[in-house]
1. Please give the net charge around Val89, taking every other residue with its beta carbon less than 9 angstrom from that of Val89, where Lys and Arg add +1 and Asp and Glu add -1.
2. Please compute the length gained on full extension between Glu110 and Val73, using 0.36 nm multiplied by the number of residues separating them and subtracting their Cα-Cα distance.
3. With each pseudo-label sitting 7 Å past Cα toward Cβ, what's the Thr55-Val17 distance in nm, one decimal?
Amino acid sequence: MCSIMRRGDTEKVNWGVWIVLIICIFIPLYMNFKSDKMQMIRHIRKKRGKIMNETVKKFIGKDCLINTVNSTVDGVIESVEDNWVFLKVSEKYNSTLDMINIEYISRIREYPTDKNGKRKTIF
């Protein structure tokens with residue numbers, strides 16, 4: 001018994017084989033690249049954490065604005081330990097102690113004051 005294949009059937013088989021081969025080759029390569037990239041990011045974060053600790057220590061005792069990934073916090077930096085910044089936030093009638101992870105800090109600056117030493121309004 002002989003089966004007769006049409007020309008279009010063999011082309012479909014050939015394309016199917018090529019697609020399977022490409023998938024089998026490129027998915028492991030992509031996964032290896034992704035894991036190498038994650039290791040590099042972890043290494044950079046460890047180095048950045050040490051550098052940021054030293055940088056943030058310059059602001060201890062100063063009234064600062066800290067921009068994080070999704071918010072802005074202002075207060076006096078009390079201390080820096082490991083990867084954490086302890087910030088004393090004063091509101092009208094109470095003050096709280098906040099902890100901020102250094103990895104999520106994008107910007108730190110000293111709160112601007114006018115010539116009399118009062119805080120300027122920031123828009």
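1. Result for the local shell: -2.
2. Using 0.36 nm per residue and subtracting the Cα-Cα distance, I get 12.1 nm.
3. Modelled inter-label distance: 5.7 nm.
Each reported figure results from applying straightforward, stated rules to the coordinates on display, with no laboratory input. Just so it is clear, the structure is predicted and the values come from calculations on it, not from any experiment. No Cβ is skipped: glycine too gets one built from the backbone with ideal geometry, and neighbour counts run over all protein chains shown.
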